[in-house]
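The values are calculated or read from the model by the stated rules, or taken from the named source; none is laboratory data. Note that the structure is predicted; figures quoted are calculated from it, not measured. Methodologically, a virtual Cβ is constructed for each residue, glycine included, from the backbone with ideal geometry; neighbour enumeration extends over all protein chains shown. Ligands, DNA and RNA are excluded from the accessible area calculation, which covers all protein heavy atoms including side chains. Shrake-Rupley method; radii C 1.70, N 1.55, O 1.52, S 1.80 Å.
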Amino acid sequence: MVPVRAYRFAGFSTFAVLATTAFHHAYGAIVYDTPWRLHVAVIAPILALAIARALYLGGSRRGTRSGLWWTRIAAAMILVFPVGLIGLVEGGYNHVIKNLVYFLSGPQAARALFPPPAYEMPDNFLFEITGNAQLPLALAAAYCAMALLRPWNRRGT
C-alpha cells in the first residue's frame, strides 16, 4: 500500500511547480505587457484543485481498487501537466535552453531560435529565475509521482 507521505510529497512538489508557474506567468504578463500569459495563471489553480482531489481520493481509499485508480489518475495528471508541459517544455526548453543559447551563443542566435513575442530574452532576473525553477521543481514532482506508482511492501505503509 502506498504510504500517506508519498501522497503528501507528490502534492507539495506538484503545487510548488504550479504556484511557481502561476506567479511566473502573471509576473511576465505584467512586466512584458503580454496579457495572453495570464491564461496559465488561471489554469494552474484549477489544475492544482483537480490533482489535489485525485490525490485525496487515492490516499483516502488506499488499498482499494478505487484508491489505486485515483492514485494512477493523480500520477498521470502530474506527469503530463506539471512535469511534461510545464517542467520540460516551459521550464526546460523555454527557459533553460533559451538561456544557455543566449549566454553561450549570443543574443542573435537566441532570437533566431526563440523569436519574439512568444519569447523574451533574459533581461529580468525574477522572470528568468522563476522560469528556470520550473524544471527542477518538475523533476522533483516527477520523482514523487513515480513513487505513487511503485509497488510498496507492508512495512512501507
Is at least one residue of the range 36-48 open to solvent by less than 20 Å² (accessible area, probe 1.4 Å), closer than 30 Å to Met121 by Cβ and not hydrophobic (A, V, I, L, M, F, W, C)?
yes
Which condition does Glu120 not pass, out of (1) part of a helix (DSSP H, G or I); (2) open to solvent by 20 Å² or more (accessible area, probe 1.4 Å); (3) out of contact with any Leu (no Cβ under 7 Å at 6 or more places or on another chain); (4) of a type outside the set (Ser, Thr, Tyr), if it passes all the others?
(1)
Test: Thr64 is open to solvent by less than 10 Å² (accessible area, probe 1.4 Å) and among the hydroxyl-bearing types (Ser, Thr, Tyr):
no
Residues that are surrounded by fewer than 21 Cβ atoms within 10 Å (Cβ to Cβ), among the basic types (Lys, Arg), on the phi < 0 side of the Ramachandran plot and without any contact (Cβ under 8 Å) to a residue 40 or more places away in the chain: does the range 68-78 have at least one?
no
Against the definition (over 13 Å from the mean Cα position of the chain (by Cα), touching a residue at least 24 places away in the same chain (Cβ under 8 Å) and farther than 22 Å from Val4 by Cβ), how does Thr34 come out, yes or no?
yes
Exactly one condition in (1) assigned to a helix (DSSP H, G or I); (2) more than 20 Å from Arg8 (Cβ to Cβ) is not met by Thr71; state its number.
(2)
Among the residues listed as Asn94, Asn99, the single one being assigned to a helix (DSSP H, G or I), touching a Pro at 6+ places or on another chain (Cβ under 6 Å) and among the polar types (S, T, N, Q)
Asn99
